[in-house]
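What follows is a single structure, written as structure tokens, with notes after it.
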Amino acid sequence: MMELKKTPLWSEHKRLGAKLVEFGGWEMPLQYTSIIEEHKSVREKAGIFDVSHMGEILVEDVDSVPFVDNLITNSVSKLKNGEICYSPMCYENATIVDDLLAYKFSDTKVLLVVNASNTDKDYEWIKSQKRHYRVKIENVSNNYAQIAFQGPMAEKILKKISGVDLSKISFYNFTTGQINGINCIVSRTGYTGEDGFELYFDPAAAIAMWRKLIEIGNNDVKPCGLGARDTLRFEACYMLYGNDIDDTTTPLEAGLGWTVDFTKPSFNGKEVLERQKEKGVTKRLRGLEIDGGIARHGYEIFSEDQKVGHITSGTKSPTLNRSLALGYVDADHSKMGNNLSVDIHGKKIKATVIKTPFYRGSVKSK
């Protein structure tokens, strides 16, 4: 068996008694106390997540911006320095290699933050797209520890040790400066539906930073694992690669049309997406409310006796106390309010198509 990778905070997770699980080739904390308790802390106060397993790929040199613009569906050229965009990265057939964040430092420097389980695949794909572009592509994932500090109290607590004015960092913007005396990239994006920050810094400082963030929280900050991270992102309807999007789905099918800039002269998958936009998609990712039972990834969706789709993510929402799911539904059956059913352990349970996101919290908006 391949040995699992460990983040710079692995020993802290062990010390705190976290339940550790395999995730994308990494040994990561699933929970410390309970998923519900950690979820609630982020919704009401604040929580910290070790996301050092995420991948960072640096693109530098004169063609950095046009290269990344051709690589992803969204537009880096329209960003100002210090701004971030979320985007799918597609193959030529418009299915999704990964979804990522692009940090624009300058016209000659863009940092791509990718999903942990896809880092090696993404790096090879990105290198294969270099062609005539004058760029240097480097996997710099080992250069960074990353902590996500999330919740409505995140700014109030973090400013106690911040050398940068956090109030001046707008949503999907970043800056550089010191947190707890440690040089950091400080961004404000989030994956929870709440306000919060991401700190990228030298892995050698990870334990000191982690402990300090818990200390200054005065019981208002809880360490949180992958379990709460998943239920939080699910309520806010953020995509999970491998569940809600993958190399069989396109951005338009996934409801990510807002991330596709058709005004760009070219990008991978543009022609296919233009045809989908013109003709319409054959399936759509939809929110569903389940009338009893919990729908899990892979469960089949029916309209009477006809199979019309499958569940991608589902759980009982800790915040809303409702059984909810995301799933791909044939376009003809995807209208809001449509009554469908989900096969849960051989029994067809009523499901209604509802609007997403399921939850909107303290997250800042543009």
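Looking for whichever is in a strand (DSSP E or B), modelled with pLDDT of 95 or more and out of contact with any helix residue (DSSP H, G or I) (no Cβ under 7 Å at 6 or more places or on another chain) here; the options are 353, 308. Which one fits?
Values: 308 fails: out of contact with any helix residue (DSSP H, G or I) (no Cβ under 7 Å at 6 or more places or on another chain).
None of the others qualify; the one that does is 353.
Step by step: first the residues of region 273-298, then only those that are part of a helix (DSSP H, G or I) and in contact (Cβ under 8 Å) with a residue 60 or more places away in the chain, then the one that is most open to solvent (accessible area, probe 1.4 Å). Which residue is that? Please lay out each step first, then the result.
So the first thing to find is which residues in region 273-298 are part of a helix (DSSP H, G or I), and the list is 273-279.
Now restrict to residues that are in contact (Cβ under 8 Å) with a residue 60 or more places away in the chain: 273, 276.
Working: 273: 0, 276: 33 Å².
Here the answer is 276.
Hey, among the residues in region 132-152 that are among the aliphatic types (A, V, I, L, M) and under 20 Å from residue 109 (Cβ atoms), which one's surrounded by the most Cβ atoms within 10 Å (Cβ to Cβ)? Show your work before the answer.
Narrowing region 132-152 to residues among the aliphatic types (A, V, I, L, M): 135, 137, 140, 145, 147-148.
From the residues that got through so far, the ones that are under 20 Å from residue 109 (Cβ atoms) too are 135, 137, 140.
Details: 135: 23, 137: 18, 140: 12.
The qualifying residue surrounded by the most Cβ atoms within 10 Å (Cβ to Cβ) is 135.
With of a type in the set (Phe, Trp, Tyr), within 19 Å of residue 273 (Cβ to Cβ) and within 19 Å of the chain's Cα centre (by Cα) as the only criterion, which of 123, 86, 144 stands out?
Values: 123 fails: within 19 Å of residue 273 (Cβ to Cβ); 144 fails: within 19 Å of residue 273 (Cβ to Cβ).
Result of the check over 123, 86, 144: 86.
Restricting the search to region 153-165, which residues are in contact (Cβ under 8 Å) with a residue 12 or more places away in the chain and either surrounded by fewer than 19 Cβ atoms within 10 Å (Cβ to Cβ) or not in a helix (DSSP H, G or I) (or both)? Write out each step before concluding.
The first filter runs over region 153-165 and keeps only residues in contact (Cβ under 8 Å) with a residue 12 or more places away in the chain, leaving 153-155, 157-158, 160-164.
If the condition is that a residue be in contact (Cβ under 8 Å) with a residue 12 or more places away in the chain and either surrounded by fewer than 19 Cβ atoms within 10 Å (Cβ to Cβ) or not in a helix (DSSP H, G or I) (or both), then 153, 160, 161, 162, 163, 164 are the ones that fit.
In the list 248, 231, 263, which residue meets the criterion of being among the β-branched types (Val, Ile, Thr), farther than 15 Å from residue 90 by Cα and open to solvent by 40 Å² or more (accessible area, probe 1.4 Å)? Lay out the reasoning, then the answer.
Values: 248 fails: farther than 15 Å from residue 90 by Cα; 231 fails: open to solvent by 40 Å² or more (accessible area, probe 1.4 Å).
Among 248, 231, 263, only 263 is among the β-branched types (Val, Ile, Thr), farther than 15 Å from residue 90 by Cα and open to solvent by 40 Å² or more (accessible area, probe 1.4 Å).
Regarding region 44-57, can at least one residue be identified that is among the charged types (D, E, K, R) and more than 24 Å from residue 205 (Cα to Cα)? Can you show your working first?
Of region 44-57, the ones among the charged types (D, E, K, R) are 44-45, 50, 56.
Okay, now just the ones that are also more than 24 Å from residue 205 (Cα to Cα), so 44-45.
Yes - at least one qualifying residue is present in region 44-57.
Here's a check for you: in region 328-342, which residue that is in a helix (DSSP H, G or I) and more than 26 Å from the chain's Cα centre (by Cα) is surrounded by the most Cβ atoms within 10 Å (Cβ to Cβ)?
Step one: list which residues in region 328-342 are in a helix (DSSP H, G or I), which gives 331-333.
With more than 26 Å from the chain's Cα centre (by Cα) added as a condition, the list becomes 332-333.
Values: 332: 11, 333: 19.
The selected residue is 333.
Give me the pairs, please: first residue somewhere in region 63-89 and at pLDDT below 95, second residue anywhere and surrounded by fewer than 23 Cβ atoms within 10 Å (Cβ to Cβ), beta-carbon distance under 6 Å, and either six or more positions apart or on two chains.
From residues that are at pLDDT below 95, there are no pairs.
For residue 218, work out the one condition from (1) at pLDDT below 95; (2) closer than 24 Å to residue 338 by Cβ it doesn't fulfil.
(2)
Do we find a residue being among the hydrophobic types (A, V, I, L, M, F, W, C), more than 25 Å from residue 205 (Cα to Cα) and either part of a strand (DSSP E or B) or in contact (Cβ under 8 Å) with a residue 40 or more places away in the chain (or both) anywhere in region 176-186? Reasoning before the result, please.
If we filter region 176-186 for residues that are among the hydrophobic types (A, V, I, L, M, F, W, C), which is where we start, we get 179, 182, 184-186.
Next, only the ones that are more than 25 Å from residue 205 (Cα to Cα) stay: none.
The answer is no; no qualifying residue exists.
The values are calculated or read from the model by the stated rules, or taken from the named source; none is laboratory data. Keep in mind that this is a model prediction, so the values were computed, not measured. Reconstructed Cβ throughout: ideal geometry from the backbone, glycine too, with neighbour counts over all protein chains shown. With ligands, DNA and RNA removed, areas are computed over all heavy atoms of the protein, side chains included. Shrake-Rupley method; radii C 1.70, N 1.55, O 1.52, S 1.80 Å.
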